[in-house]
Structure formats: structure tokens, C-alpha cells
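Since the structure comes first, as C-alpha cells, the remarks are kept for the end.
The values are calculated or read from the model by the stated rules, or taken from the named source; none is laboratory data. Since the structure is predicted, the reported quantities are computational estimates derived from the model, not experimental observations. We place every Cβ from the backbone using ideal geometry, glycine too, and count neighbours over all the protein chains shown. Remember, those area values only see protein heavy atoms, side chains included, never the ligands or the DNA or RNA. Shrake-Rupley method; radii C 1.70, N 1.55, O 1.52, S 1.80 Å.
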Amino acid sequence: MDAQIDHYAVLGLPSGEEGAKLTEKEINKAYRWKALELHPDKRPDDPNAAANFQQLRTSYDILRDDKARKLFDELLRVKRDRELRHSQRDGKRRKMVSDLERRERDANAPDLAAKEREEEARIARQLKEEIARIRAMHGMKAAPPPPPETEKESGRGRAGGGGGVDQEKVLKVSWEKVGEDYSADKLRELFSEFGEVEDVVIKGSKKKGSALVVMATKEGSVAATGSVIGHLANPLLVLPLKPATIADSSSFPKSAETAKLSNLVGAGYQAFEDSVLKKLQKAAEKQK
């Protein structure tokens, strides 16, 4: 039963009061790491791999839903209070609790243990209903999603078109490994000026950094394409993974630069990228 599972523990997170304070960002990060570990494609010899991955997804959806998470935190609190009550029944505490319970029974007080069980059952029923709602909303009966991409796999999954991401929303960003470097969070902050950023995947080598930035819309991808952003001494080169077509081509005639970018492939793409980077760096040195 889902109500008996510690959904924080499933994601490898601390539970109890500490778990209730976790942010959505921390929960998302824990899910991505755990999904890489438990995906069925990574565990071909594990007969329980699909079930474990399905449980991971269910726990993630519960913790991401505000109403379901509050109910689950309340259920954990009731369980903690009950366990604390039982753990205190030793030595002097046991006698004190026994005397207290006797006085409560003499005064016709309701059975505290029965009330706790009733409250736990009520919360468990509500949590079960929320789980059913979440599963119906997200279509949990469908096949498990493809495994989250690692940095090495991102070139095949995103850039290759096999990951289901619209390539017209993907930007290829590159920079030289000199001076201040760029992190995924920094890139997300810079490109958010052009629209919502869905994902950032850092790649690159020791001498040259690169990343794939997935914008939420084609318009955001087009707005960021060719822009000079980042540190002045080490600007970013922004190029489309696949040129976007937002409207009918008859309404927006292609420029010579757009046609040039569309025809860049293989070594030609790399040479163009290097030449633009050198021009940007020379412009930055002249301004010093």
C-alpha cells in the first residue's frame, strides 16, 4: 500500500521533519539522480527494475504535488507521535504513562491509541485518493519514460533527436575555458532573459566548454540565437541545433546569415564556431 511507503526514502531523501522542509528544487535533483540509478534500461538483470522505477515515479509525483505532500507529511507526523509514545513506555516513564492512562480511563476519556489509529487510517485514505488522482492525471499506466540523459548521452538523446525533444528549441552554446567558467545555473540565468529554460546540459572538454540549452518555446530559441551574452572577456557563442520555423517562410524571408547557419555541418560548423569565438574575443580585448 502506497500509504505505508516513505516516499522521501524512495528518493534517497531524509524523512520526518527534515524532509518536510525540503524545497521542490532539492526533490527534483534527488529524483534525477535516483532515476539514473533505477531505470530498467540500466538494470536489465533485475526482475523488479520496472516496479522499482514505477514506485520512484509515484513517490516523486506525490512529493511534487502540494496537497498530496501535506497529507503524507501529516501521516508521518502521526506515526512519529505514536512511535514516540511507545518508546517512552520504559522504566519510570512506563509507570507514569500507565497511571495517566488509568486516570484517563477512569474519567471516561477516549482511547488515545484508537484515536491515533483512526486518524492514521483517515489520512491514509485521503493520501490513497490523491495518489489515484495523480496517476490518472499523469497517465501512470503508460510505458515508463526513456532514461534521463547523462552528459555523455545528451549528444545522442537531445542533439540526435531520439530523446523526444523538439530540436528547434535546442541551442548549442560554446565558450573557451579561460577566465570565469559557466555553470548550468549560470547559463539558465542568462538564457532566461529570452524565455523559460526547460533544461541545461553541460558538455565540453578541458580546453573548450559547451552546453545544450533547451528553451520552452521556439520563439525563445530564435531570440537567443546569435546573441552575444555572458562575460565580456569570455562571451558565449549561441547557435541553433536546428533552425526554427516559427511562421510561414513567405512572411519572414530568410537572411543570408540564417541560410549560412542552416548549411553548417560537421567540420564546417566547428570552423565557423571557432572563427566567431575569435572575433568576439578580439572585440573584448579592444574594449579593455
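Odds and ends about this structure:
- Amide H within-cut-off set for residue 22, under 5 Å, with H built and near neighbours excluded: none
- Modelled spin-label separation between residue 105 and residue 181, with each label point placed 7 Å from Cα along the Cα-to-Cβ direction: 6.8 nm.
- Net lengthening on full extension, residue 70/residue 48 (0.36 nm per residue, minus Cα-Cα): 5.0 nm
- Accessible surface of residue 187 - all protein chains present, 1.4 Å probe, nearest 10 Å²: 0 Å²
- FRET efficiency, residue 137 to residue 83 (Cβ-Cβ, R0 41 Å, nearest 0.05): 0.80
- Summarising the label geometry, the points placed 7 Å from Cα in the beta-carbon direction at residue 242 and residue 117 lie 6.0 nm from one another.
- Nearest-10 value in Å² for the accessible area of residue 185, using the 1.4 Å probe: 100 Å²
- Amide H within-cut-off set for residue 242, under 5 Å, with H built and near neighbours excluded: 170
- Protein-only accessible surface at a 1.4 angstrom probe places the residues 231, 86, 7, 138 in the order 86, 138, 231, 7, largest first.
- Label positions at residue 282 and residue 94, each projected 7 Å from the Cα along the C-beta direction, are separated by 8.7 nm.
- Couplings for the range 10-20, taken from phi via the Karplus curve 6.51 cos²θ - 1.76 cosθ + 1.60 with θ = phi - 60°, read 4, 8, x, 10, x, 9, x, 5, 5, x, 5 Hz in order; Gly and Pro are left as x.
- Among 111, 6, the order of accessible area from largest down is 111, 6, computed with a 1.4 Å probe on protein heavy atoms.
- Portion, in percent, of the accessible area of the range 1-134 that falls on carbon or sulfur, probe 1.4 Å: 50 percent
- Counting only protein heavy atoms and using a 1.4 Å probe, the accessible area of residue 202 comes to about 40 Å².
- Looking at the range 1-128, the accessible area is 65 square angstrom per residue; that uses a 1.4 Å probe and ignores ligands, DNA and RNA.
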